[in-house]
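Read through the structure below, which is laid out as structure tokens, and then see the notes.
All of the numbers you see were taken from the coordinates with simple rules; none came from a lab. This one's a predicted model, so the numbers in the text were calculated from it and none came from an experiment. Every residue, glycine among them, receives a Cβ derived from its backbone with ideal geometry; neighbour counts consider all protein chains shown.
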Amino acid sequence: MEFPRELLTHLQAAEKVVVFTGAGASAESGIPTFRDALTGLWENFDPMALATPQAFDENPPFVWGWYEWRRALVANCEPNPAHYAIAEMQNYLSSLVVVTQNVDDLHERAGAKDIVRLHGSMHHPYCRDCHLPYTLGPVTQGGGEEVPPPQCPQCQGLVRPGVVWFGESLPSDAWERALEEAAQCDVLLSVGTSSVVYPAADIPRLAKEQGACLVQVNPDETGLEPFLDFSLQGPAGEILPALVEAAYEPA
């Protein structure tokens, strides 16, 4: 696979790289996106209608069961070559930060060390009332059933998924860190994200405004094209390993 010489030069000269990932990066591991149809108990529901505080308040076992089904699905998936390529880039850079909109743990399992989670994690729930973190046990169900959420050991409130639902604000610490890293990076790789979910979609644009080289890796056009320095169109699992090899590994 051939890449523009200028792009490789940017990567080789970079001290700080931010990799901004979205649902497409995990979809290549078999994890459905919110645009994919649901199955089983939830087949007649819009995911966006389930991922809200109101849905959880109205039927906690229904929503918690959906997240346990998703957690089981993630447990049966593996990081794909894009996740491993991102982790490998750490070996060649002074600083590599992953800013992700995904709520799975595939970046960690691939070996990425510095991860900023804009939308939280399905693996780190907490009490809805007192916000005490709750440690999940192994996945015990992978089907399509309702599951009553656990109770908080401190206040007996209901434990909720540790994700950012529609209508909720992004965690301020993660958002501020993402803005800081984007403003300071030399290269930002936007991987598998539609670039239409705000405010997260502002991250690549901010990096470009501050002088970074902006690169998109995506099978489809996203609307970010007017801002890009380079557009690498295709699956991240094919493009990123080849890009890392071309930029950093001797011929």
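Every helix of 4 or more DSSP H residues in the chain counts as -39500 (n - 2.57), and over all residues that averages to -10000 deg cm²/dmol at 222 nm. For region 181-239, the set of GluC sites (Glu not before Pro) satisfying both a DSSP loop assignment and a count of at most 14 other C-beta atoms within 10 Å is given as 221. Take 152-158, 118-124, 96-102, 213-219 and order them by the average number of nearby Cβ atoms within 10 Å per residue, most first; the result is 96-102, 213-219, 118-124, 152-158. When the label point is put 7 Å from the Cα of residue 58 along its Cα-to-beta-carbon vector, which residues of region 106-123 have a backbone N closer than 14 Å? No residue qualifies, since no backbone N sits under 14 Å from the label point. Can you work out the PRE-style zone for residue 249? Point 7 Å along Cα to Cβ, and I want the residues of region 88-112 with backbone N under 16 Å. Under 16 Å, as judged by backbone N against the label point of residue 249, lie 88-93 of region 88-112. Take every pair of alpha-carbon atoms less than 8 Å apart whose residues are at least six positions apart; their mean separation over the length of region 154-243 yields a relative contact order of 23 percent. Descending by average beta-carbon neighbour count within 10 Å, the peptides 165-173, 125-133 line up as 125-133, 165-173, the highest first.
The simple spin-label model puts a point 7 Å past each Cα toward its Cβ; for residue 228 and residue 154 those points are separated by 4.5 nm. Between residue 45 and residue 198, the modelled label-to-label distance comes to 2.9 nm, taking each label 7 Å out from Cα in the direction of the beta carbon. Does region 65-176 come out rounded, prolate or oblate, given a ≥ b ≥ c as the square roots of the eigenvalues of its C-alpha gyration tensor, rounded meaning a/c under 1.5 and, failing that, prolate meaning a/b above b/c? Oblate.
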